[in-house]
Amino acid sequence: MTDLVSASGDIAAARSEVIVVGVLAGEESPVIPDSAAGVDDAFGGRLAQMLASLGNTGSASSLTRLPAPEGLEAELVFAVGLGEADELDDEVLRRAAGTAVRSAFGQESVAIAFEGDPAATAVGAILGAYKFEGYKTDGGDEPPAQVSVYGATEEAVVRASVLAEGVALTKTWVNTPANLLRPPTFAIEIEQAATEAGLEVEILDAEALSAGGYGGILAVGGGSAAEPRLLRLSYRPEGASKHVALVGKGITFDSGGISIKPVAGMWDMKTDMAGAAAVVGATVAAAKLGLNVNVTCLVGLAENMLSGSAYRPSDVITARNGKTIEILNTDAEGRLVLADGLSRAAEDEPDAIYDVATLTGGQLVALGRRTFGLMGTDSETERVARVAESVGESGWPMPFPEDIVALMDSPIADVSQCGTGNKRDGHMLQGGVFLSKFVPEEIPWAHLDIAGPADTSEAWGHTRKGATGVPVRTLVALLEEFV
Ligand code: BES
Ligand code: MN
Ligand code: ZN
């Protein structure tokens, strides 16, 4: 675990193995800002010239490693580009700080001084210190034990650390292979993290799910030897007046079921519980930050497998809210688990519901790997898009066109699970339309389809390869809007 600390004074006096300074973009050479002036002096005023000769003109997140000159206590100086001065915002700082810390693995201590708001630098720095330990006998370089951020307040450092803990909790669950995180095990791990954060935990096993009429979770989990679960976490701070419900898709492995997926890429379906991991990570962070808002977090955990007890296309099942669903494709399992979760969430009559799911490949086709799809009540999809941007995550509101709405009618049940005839038109939107049947119209609601943004095949900014922890920080910032 990396210790994030605040520091003040001139970074040139820092006793850290690595000193990180930010430089602004310039024409032929970077521009050295005030925050790096002392370090430039130690280089005899030649830092800009040296960087230019190494090809670094200060473009955002470009990084050059230099041996520290005499006079500094450090061994290395990292110069990180902060881009154009008039485009310097919090996200530029988060990415630059994250890039610097990711590049400092194997070093003991790092000190960072940038222009702009040190609170943003602190968040990026500590997010960049995340490492998934994995299962190699030689685990490789470790993150720095200490990162100090110049100019950051004690409060900013604590907040950044708590946020990053929530993000790390989420990432590690998403990165964990499917055999080590099946629903009963995942339930126990969530219970531990939640209890430690002071949350109340309720766990429904298969028997309780049956008694409660949770037909969606039971159908999806029925093919697996590992029983499904529904967890309900409650955070009830004294005096809070608003109540927000978070619902997450927790498919610990998605083989597709009887409608089995192709070989290519199936391994990646260990990440199909990223929605559940994110809502739990955000709820834990909210509790540790002491946010003055009631939060109920619901996660349906199931493994979508094939066996003699698996559900099948043509089945008709009944969700928690009593609606019947005609099954057309067992690979559209996430929406069934969410149908029960959303129905249960609505029973508490919260002021808003947000659900998070790696729901459709259609999300990737429509919006790519960094922008999640937003569907639901206009006020909420717009709110989530705005809040996401403010934390450096990205979401885009999508419509519910009438032809897609019509596609979800079933000839024999209340709703069809997939577009009639398994049509793929507006694939991501079909998921949203389906889910809307399980949220009462009077409750403001947004659905976040994170199929692409949940993980990344390449490192960038403060994110390493693998799970991204999106949208934990968006959710925490959303909860803050209800305080
Ligand atoms: N978990 C997948 C969606 C997914 C795809 C997530 C790629 C991450 C990356 C989901 O359960 C699924 O299989 N969706 C199907 C739905 C279809 C059968 C209606 C899809 O997107 O093809
Ligand atoms: Mn699926
Ligand atoms: Zn899935």
Could you check the simple spin-label distance between Arg65 and Met266, using points 7 Å along Cα→Cβ, in nm with one decimal? 4.1
Using only Cα atoms, tell me the angle between helix 90-102 and the longest principal axis of the chain; keep it within 0 to 90° and round to the nearest 10. 80
Rounded, prolate or oblate: which fits the chain, taking a ≥ b ≥ c as square roots of the Cα gyration tensor eigenvalues, rounded meaning a/c under 1.5, else prolate when a/b beats b/c? prolate
For the stretch 219-232, just list the computed ³J(HN,Hα) in residue order, Karplus coefficients 6.51, -1.76 and 1.60, θ = phi - 60°, integers in Hz, with x standing in for Gly and Pro. 5, 5, x, x, x, 9, 6, 9, 4, x, 9, 10, 10, 10
Could I have the simple spin-label model distance between Val365 and Glu389, label points 7 Å from Cα toward Cβ, reported in nm to one decimal? 2.8
Contour excess over end-to-end distance, with Cα ends at Glu441 and Ser53 and 0.36 nm allotted per residue: 133.5 nm
Quick one: helix 334-347 against the long Cα principal axis of the chain, what's the angle to the nearest 10°, folded into 0 to 90? 90
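If you stretched the chain out fully between Ser379 and Lys136, how much longer would it get, using 0.36 nm times the residue separation minus the C-alpha to C-alpha distance? Display every interim value, and only then the final one.
Working: separation 243, 0.36 × 243 = 87.48 nm, distance 4.67 nm.
Full extension of this stretch gives 82.8 nm more.
Between Glu189 and Glu27, take the C-beta separation as r, use R0 = 60 Å, and let me know the FRET efficiency to the nearest 0.05.
On the way: r = 53 Å, r/R0 = 0.88.
The computed FRET efficiency comes out at 0.70.
Per the helix-only calculation at 222 nm, which mean residue ellipticity applies to the chain, given -39500 (n - 2.57) for every DSSP H run of n ≥ 4 and division by its residues, nearest 500 deg cm²/dmol?
On the way: 15 runs with 163 residues, N = 483.
Computed mean residue ellipticity for the chain: -10000 deg cm²/dmol.
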Hey, rough spin-label estimate for Trp460 and Asp409, points 7 angstrom out along Cα→Cβ, what's it come to in nanometres? 4.2
Cross-link partners of Lys242 among lysines (Cα-Cα below 21 Å; sequence separation of 8 or more within a chain): Lys288
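Values in this text are rule-based calculations from the coordinates and carry no lab data. Please read these numbers as outputs of a predicted model, since none were measured by experiment. Virtual Cβ from ideal backbone geometry, glycine too; neighbours counted across all protein chains shown.
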